[in-house]
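Please read the structure below before turning to the comments.
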Amino acid sequence: MSNEYQHIVDDLQELDSLVEAMLEKLDSTNKEAKTYTPTDGMAAAATRALKWREEGHPGGTQVGVTRANQLKNKENLSESTVLRMHSFFSRHAVDKQATGFRSGEDGFPSKGRVAWDLWGGDAGETWSQAKRDQIMRDREA
């Protein structure tokens, strides 16, 4: 990415982090809000992605790193976090088609793969879809 656009990306990532923090704060004030516990598979993917980043592999944002730490620690997640996870996977499913997403391919792990696993990997995609569907059904009831 050219330097002329990097400041825009940085600003958007900072804004995303602020929105995330505000949503978490709103959820934490509602003591009766339902929470959802990540699976072992999600924790494993997040741990793997955090290790990749420590090894110098680029990918993901600060929001993704925050999410990975929540998943790694199997923290209860708010409804809004689950919905954000579903949204992330919906937007980034195309990353699975890129070179370097799968083990053994050149460039593995790609930036997209690191980001994908920060959010819980394939286990997180499946889980967030199921939880999102449950949330939507509960809202309609």
Environment charge at residue 125 (Cβ cut-off 12 Å; Lys +1, Arg +1, Asp -1, Glu -1):
+1
Separation in nanometres of the label points that stand 7 Å from Cα toward Cβ, at residue 33 and residue 140:
2.4 nm
Rank by packing, highest mean first: peptides 83-94, 66-77, 107-118, with packing defined as the count of other Cβ atoms within 10 Å averaged across residues.
107-118, 66-77, 83-94
Taking a crude spin-label model, label points 7 Å out from Cα along the C-beta direction, the residue 91 to residue 103 distance in nm is 2.9 nm
Where nothing but the Cβ of Lys and Arg (+1) and of Asp and Glu (-1) is charged, how large is the charge dipole of the range 55-141 around its Cα centre, in debye to the nearest 20?
160 debye
Sort 105, 79 so that the residue with the fewest other Cβ atoms within 10 Å of its own Cβ comes first and the one with the most comes last.
105, 79
Sum of side-chain charges, residue 43 neighbourhood, beta-carbon under 13 Å (Lys, Arg +1; Asp, Glu -1)
+2
Using Cα centres only, tell me the gap between the range 31-57 and the range 78-92 in whole Å.
13 Å
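Just so you know, all these numbers are worked out from the coordinates, no wet-lab data involved. Remember, it's a predicted structure, so these values are computed and weren't measured experimentally. Cβ coordinates were reconstructed from backbone atoms using ideal geometry, including for glycine residues, and neighbour counts include every protein chain displayed.
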